[in-house]
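Here's the structure, in structure tokens; my notes come after.
Derivation of every value follows stated rules applied to the coordinates shown; laboratory data play no part. Since the structure is predicted, the reported quantities are computational estimates derived from the model, not experimental observations. All Cβ positions, glycine included, derive from the backbone under ideal geometry; neighbour counts span all protein chains shown.
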Amino acid sequence: MKTYLVGGAVRDRLLGLAVRDRDFVVVGATPDELRARGFKPVGKDFPVFLHPDSAEEYALARTERKTGRGYHAFAFDTAPGVTLEEDLRRRDLTINAMAEDESGQLIDPFSGEADLQARLLRHVSPAFAEDPVRVLRVARFAARFAARGFRVADETLALMRQMVADGEVDHLQPERVWSETQKALAEPTPGAFLGVLRECAALKVIFPEVDALFGVPQRADYHPEIDAGVHVGMVLDMAARLAPGDALIGWCALTHDLGKALTPKDKLPSHPAHEHAGLAPLDALCTRLKVPSEYAALARLCCRLHLLAHTALQLRPSTVLDLFEQLDAFRRPERLHRFLLVCEADKRGRGGLAESDYPQAAYLRAAHAAAVAVATQPFVGQALAGPQIGAAIRAARVEAIAQVRRAAPSE
């Protein structure tokens with residue numbers, strides 16, 4: 001029985017990054033032997049065990065054979081005779097197919113270290129094509145490492161295109177698509193996730209609502225980048241810059257402009273009422289991918305209300321209060337916080353505007369704080385009926401917002 005450190009821990013150490021999770025492969029053992037040593041089984045599809053002391057994952061070396069379409073259509077062999085190289089050969093990318101033995105010696109049968117140095121995301125073997133999830137994984141790794149100069153190898157991109165053409169991507173399970181997407185949205189450059197999927201023609205299959213934005217023109221005075229799809233990629237990257245690791249903000253950034261793909265051609269390059277037109281495709285996308293309820297709810301609010309944030313300095317105080325109430329910002333102030341970050345990413349995710357100011361956010365935060373500070377108890381103590389109390393509180397909040405607006409700078 002031999003144990004090897006594998007995968008991301010080896011890759012990240014060679015890149016000089018902090019190692020967060022360590023995974024191990026065990027060669028020459030059986031499930032019974034690991035259980036006898038106190039390891040706890042957790043794997044469903046194949047034997048994975050937790051170390052009795054560290055709780056780190058140890059998987060038996062395995063090979064796999066495709067038996068049909070989709071992610072689950074595999075047969076696994078975890079016999080003690082499976083070698084480390086056979087286990088590494090079934091992995092997705094060469095940079096993830098390296099191992100270290102117990103003395104720290106690098107084992108690199110597929111030149112992963114060379115690909116790290118060349119900044120290449122390259123598949124290990126033709127078996128890559130057997131698992132459609134790997135298309136999403138490559139795009140996700142691009143989102144993680146694009147800022148470090150990584151790109152997808154030409155031969156890997158060609159293989160991914162062939163997988164799309166063969167219909168493999170059509171069989172992706174919604175849960176797997178969402179899982180990989182959520183992880184990609186938390187990476188430093190999620191715009192690269194879209195870019196890779198589009199380059200291999202998978203975006204049209206997996207996210208047709210987003211793919212439809214590419215090639216749609218916008219007004220150059222507002223959007224120097226012109227293309228609505230390019231804009232969404234820029235907004236994604238700006239959202240990741242403003243709120244690192246927040247996939248919820250990333251999801252809202254990704255979906256805020258879906259209505260622009262539905263603008264009648266005679267209205268282009270303007271997009272009147274796109275904030276309302278985008279709700280139907282957004283709902284369809286969230287339903288299809290089984291998106292968590294808070295992601296779907298906040299994305300809907302960002303889609304419908306983001307233009308109000310952009311014009312906040314021209315809005316009446318009562319309209320600003322309406323905005324807070326629609327966001328449920330008095331009970332859930334974190335919603336307003338995230339909403340404003342999405343709106344700022346939308347404003348700054350445009351050609352030449354990455355370093356521009358967004359005074360609307362500062363104003364709305366100050367207006368919200370002033371409205372929250374309005375004490376409700378004095379109104380309750382007055383001789384007012386229920387609806388009158390609500391109206392009095394609302395009037396006081398509107399006046400508090402008006403005072404903030406009078407002190408705010410002009411746009």
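Things to note:
- Counted residue by residue at 0.36 nm each, then reduced by the alpha carbon distance between them, the extension gain from I389 to Q105 reaches 94.9 nm.
- Against the chain, whose longest principal axis comes from its Cα atoms, helix 386-407 is set at around 80 degrees.
- When you work out D = kT/(6 pi eta Rh) for the chain at 37 °C and 0.692 mPa s, using the Kirkwood radius from C-alpha pairs as Rh and the Stokes-Einstein form, the result is 137 µm²/s.
- Burial ordering of T263, T30, T181, T287, fewest other beta-carbon atoms within 10 Å first: T287, T30, T263, T181
- Taking the chain as a whole, the Cys residues whose C-beta sits 4.7 Å or farther from every other Cys C-beta are C200, C286, C303, C343.
- Residue with peak Gaussian network fluctuation, the chain [Cα springs, cutoff 10 Å], from I249, I401, I393: I393
- The local environment of D211, defined by Cβ-Cβ distances under 12 Å, has a net charge of 0 under the rule Lys, Arg +1 and Asp, Glu -1.
- Förster radius 25 Å - calculated FRET efficiency between S318 and D283, Cβ distance, rounded to 0.05: 0.30
- Shape call, region 1-111: gyration tensor on alpha carbons, a/c limit 1.5: oblate
- When only the Cβ of Lys, Arg, Asp and Glu is charged (+1, +1, -1, -1), the dipole of the chain relative to its Cα centre reaches about 1160 debye.
- Shape descriptor for region 245-411: Rg over Rh equals 1.02 (Cα atoms; Rh from the Kirkwood inverse mean 1/r).
- The label point for A158 and the one for Q173, both projected 7 Å from the Cα toward the Cβ, are 3.3 nm apart.
- Inter-label distance for L268 and F76, nm, one decimal - labels placed 7 Å from Cα along Cα-to-Cβ: 4.8 nm
- Ranking of L321, L353 by count of other Cβ atoms within 10 Å, fewest first: L353, L321
- Between V372 and E33, the contour length at 0.36 nm per residue exceeds the alpha carbon distance by 115.9 nm.
- Percent of beta bridges antiparallel (DSSP, the chain, rounded to nearest 5): 75 percent
- Label-to-label distance, nm, for residues given as R219 and R148 (7 Å Cα→Cβ offset): 4.2 nm
- Helix-only arithmetic for the chain: the sum of -39500 (n - 2.57) across DSSP H runs with n ≥ 4, divided by the residue total, places the mean residue ellipticity at 222 nm at -14500 deg cm²/dmol.
- Against the main long axis of the alpha-carbon atoms of the chain, helix 359-372 sits at an angle near 70°.
- What the Cβ-Cβ distance of E325 and T83 gives, at R0 = 51 Å and to the nearest 0.05, is a FRET efficiency of 0.20.
- The loop-placed trypsin sites (Lys or Arg not before Pro) in region 247-356, going by DSSP, that have at most 10 neighbouring Cβ atoms within 10 Å of their Cβ come out as R331.
- Taking the fewest neighbouring Cβ atoms within 10 Å as the starting point, the ordered list for T94, T83 is T83, T94.
- Relative to the longest principal axis of the Cα atoms of the chain, the long axis of helix 228-242 makes an angle of roughly 90 degrees.
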